[in-house]
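In what follows, a structure is listed as structure tokens, so that the remarks can point back to it.
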Amino acid sequence: MYSQLVMEHFRNPRNVGEIENPDGVGEVGNPVCGDMMRITIRVRDNRLEDVKFQTLGCGAAIASSSILTEMAKGKTLEEALKISKDDIAKALGGLPPQKFHCSVLAADGLKAAIEDYYARLSGAKKEEPQPQ
């Protein structure tokens, strides 16, 4: 069902944890399957100096987060924003169709972290959801 790379990143995930005082934070989730991802980034000279993740979810979600951090580290912000769900799935040697959403979450989490970084730079604050 899963490629060797998916299993390797699930069993031995890279860059697990959270960056202390991150420059950007991205939180994404899938209400259908319950997967939740939190991506934190440190930016230096317009490059991703460090990327870490915390994921609650299936093996494919953990593997997607793990390989994303390896793909993104060292890239410029512009390069990192171009990392797509397809790039992540391909880097993992493919994902089963029912698990492809995990690569979408990982790509969206990184984009959200970079958007948060830009918002912090501009002085904008993220809108907190209001209870209804």
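The values are calculated or read from the model by the stated rules, or taken from the named source; none is laboratory data. For clarity, every value in this text was computed on a predicted model and none was experimentally measured. All Cβ positions, glycine included, derive from the backbone under ideal geometry; neighbour counts span all protein chains shown.
Please name all residue pairs, on different chains or six or more residues apart, with Cβ atoms under 8 Å, provided the first residue is in region 21-44 and is on the phi < 0 side of the Ramachandran plot and surrounded by fewer than 22 Cβ atoms within 10 Å (Cβ to Cβ) and the second residue is part of a loop (DSSP other than H, G, I, E, B) and β-branched (Val, Ile, Thr).
ARG42/ILE19
Going through region 73-91 one residue at a time, which ones are in contact with a Leu (Cβ under 6 Å, 6 or more places away or on another chain) and within 19 Å of MET36 (Cα to Cα)?
Within region 73-91, ILE88, ALA89 meet the criteria.
I'm trying to understand the selection: among the residues of region 65-115, which are without any contact (Cβ under 8 Å) to a residue 24 or more places away in the chain and among the basic types (Lys, Arg)?
LYS82, LYS85, LYS90
If a residue has to be more than 17 Å from VAL28 (Cβ to Cβ) and either surrounded by fewer than 20 Cβ atoms within 10 Å (Cβ to Cβ) or under 10 Å from the mean Cα position of the chain (by Cα) (or both) to count, how many in region 88-117 make the cut?
7
Please give the strands (runs of 3 or more DSSP E) falling wholly within region 1-119 in which 1 or more residues are of a type in the set (S, T, N, Q) and at pLDDT 95 or above.
Qualifying strands (runs of 3 or more DSSP E): 36-44, 47-56.
Those residues that are under 15 Å from LEU110 (Cα atoms) and among the aliphatic types (A, V, I, L, M), I need them from region 8-57; list them, please.
Answer for region 8-57, where residues must be under 15 Å from LEU110 (Cα atoms) and among the aliphatic types (A, V, I, L, M): VAL16, ILE19, VAL25, VAL28, MET36, MET37, ILE39, ILE41, VAL43, LEU48, VAL51.
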